[in-house]
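The values are calculated or read from the model by the stated rules, or taken from the named source; none is laboratory data. Everything numeric in this text was worked out from a predicted model, so none of it was measured. Note that each Cβ is placed from the backbone with ideal geometry, even for glycine, and that neighbours are counted across all protein chains shown. We work out accessible area using only protein heavy atoms, side chains counted, and drop any ligands, DNA or RNA first. Shrake-Rupley method; radii C 1.70, N 1.55, O 1.52, S 1.80 Å.
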Amino acid sequence: MKNKVFIISDATGDTAQKVVSAALKQFESPSILIEIFPSVRATETVENLVERAAEESALLVHTMVNPVQRQRLHSMCIDAGVIDVDLIGPLMTQLSELLELEAKKQPGGLYAVNAEYFRRIEAVEFAVKNDDGQHPRNLRKADIVLVGISRTSKTPLSTYLAQRGFKVANVPLVMGIEPPEELFRIEQDRIFALSIQAKALFRIRQARLQTLGMPADTAYGVRDHIEKEIRYAQQIFEANTQWPLIDVTDRAIEETAAELMSIRKKRKAQT
């Protein structure tokens with residue numbers, strides 16, 4: 001039978017889980033089961049969990065920020081013969097004395113601080129999953145959709161915007177292949193078209209071919225083929241004038257992103 005640790009928190013329990021996991025790394029192959037009980041605030045719930053901990057001989061670890069709830073939990077553990085470890089109470093007491101301030105006693109403080117961080121992580125994962133036209137069905141979930149031919153900075157721009165919390169998908173325009181139908185079904189004000197001048201694209205693609213060790217006369221890097229691709233993209237852009245057209249020629253990703261966000265902000269203000 002495995003040893004057990006119950007983690008009780010009036011927020012997410014993430015803090016206690018990380019501390020317990022860090023401590024367990026100091027032991028050789030620990031046989032232990034961790035159960036997390038988040039958002040625990042009702043007295044009845046606390047009582048039930050203490051009873052379970054007693055029945056299953058579990059160590060009870062908690063991060064209850066409210067001192068009344070914390071003391072009540074500790075008293076219950078004493079009465080039930082359960083060993084409890086208060087991870088946050090002593091620290092809050094010492095900080096309160098040091099700062100000569102009273103703690104807010106607000107559950108979920110760490111989670112609130114990190115909410116933006118987790119949103120950005122989710123956005124980056126979305127951008128990676130929906131890069132280069134993958135999973136067109138997810139276009140409806142995107143905050144921003146970038147459209148353009150190869151080497152118009154779609155991927156790096158997607159990543160840059162994702163790191164700022166926006167869910168970004170990008171769709172490549174390829175001659176002979178129709179853009180996905182989903183592109184025209186979503187809200188069109190989320191879509192931004194990226195263009196580039198032929199001379200700059202020729203230079204970029206030649207450098208790319210050289211890096212890959214491929215012949216310079218590969219169609220991908222031939223000037224005539226590049227101009228045909230650009231004309232093909234222009235036809236699509238002209239047919240969808242609601243897509244703002246941004247020229248990325250010799251521009252840093254930050255510059256392109258700034259223009260895109262400016263357009264997006266103006267559109268939202270108008271609506």
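Summary table
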quantity	calculated
Number of positions in region 257-269 that are open to solvent by less than 100 Å² (accessible area, probe 1.4 Å) and either of a type in the set (A, V, I, L, M, F, W, C) or without any contact (Cβ under 8 Å) to a residue 12 or more places away in the chain (or both)	7
Some residue of region 147-154 being of a type in the set (A, V, I, L, M), in contact with a Leu (Cβ under 8 Å, 6 or more places away or on another chain) and at pLDDT 95 or above	yes
Which numbered condition residue 57 fails, given (1) assigned to a strand (DSSP E or B); (2) farther than 21 Å from residue 103 by Cα; (3) touching a residue at least 40 places away in the same chain (Cβ under 8 Å); (4) not charged (D, E, K, R)	(1)
Test: residue in region 174-197 that is exposed (fewer than 14 other Cβ atoms within 10 Å of the Cβ) and of a type in the set (Val, Ile, Thr)	yes
The one condition in (1) surrounded by 13 or more Cβ atoms within 10 Å (Cβ to Cβ); (2) part of a loop (DSSP other than H, G, I, E, B) that residue 147 fails to fulfil	(2)
Pairs with Cβ under 9 Å, 6+ apart, first in region 165-179 and among the aromatic types (Phe, Trp, Tyr), second assigned to a loop (DSSP other than H, G, I, E, B)	166/142; 166/143
Complete set of residues in region 1-53 that are assigned to a helix (DSSP H, G or I), under 19 Å from residue 73 (Cα atoms) and polar (S, T, N, Q)	15, 17, 43, 45, 48
Search result, residues across region 204-223 that are in a helix (DSSP H, G or I) and surrounded by 14 or more Cβ atoms within 10 Å (Cβ to Cβ)	204, 205, 206, 208, 209, 220, 221
Residues being open to solvent by less than 60 Å² (accessible area, probe 1.4 Å), modelled with pLDDT under 95 and part of a helix (DSSP H, G or I) - total across region 247-256	1
Region 1-18 - residue that is open to solvent by 50 Å² or more (accessible area, probe 1.4 Å) and in contact with a Leu (Cβ under 6 Å, 6 or more places away or on another chain) and, of those, modelled with the highest pLDDT	15
Qualifying position, being within 17 Å of residue 151 (Cα to Cα), more than 33 Å from the chain's Cα centre (by Cα) and polar (S, T, N, Q), among 206, 235	206
Inter-residue pairs, beta-carbon under 9 Å, first under 11 Å from residue 130 (Cβ atoms) and in region 151-163, second among the basic types (Lys, Arg), 6+ apart	162/120
Hits in region 224-246 - residues which are of a type outside the set (Lys, Arg) and open to solvent by 70 Å² or more (accessible area, probe 1.4 Å)	224, 234, 235, 238, 239, 241, 242, 245
Residue that is farthest from residue 193 (Cα to Cα) [pool: residues in region 218-246 that are among the aromatic types (Phe, Trp, Tyr) and at pLDDT 95 or above]	232
Residue list for region 73-88, filter: of a type in the set (D, E, K, R) and either at pLDDT below 90 or in contact with a helix residue (DSSP H, G or I) (Cβ under 7 Å, 6 or more places away or on another chain) (or both)	84, 86
Residues within region 27-63 that are farther than 22 Å from residue 11 by Cβ, open to solvent by 80 Å² or more (accessible area, probe 1.4 Å) and not polar (S, T, N, Q), tallied	4
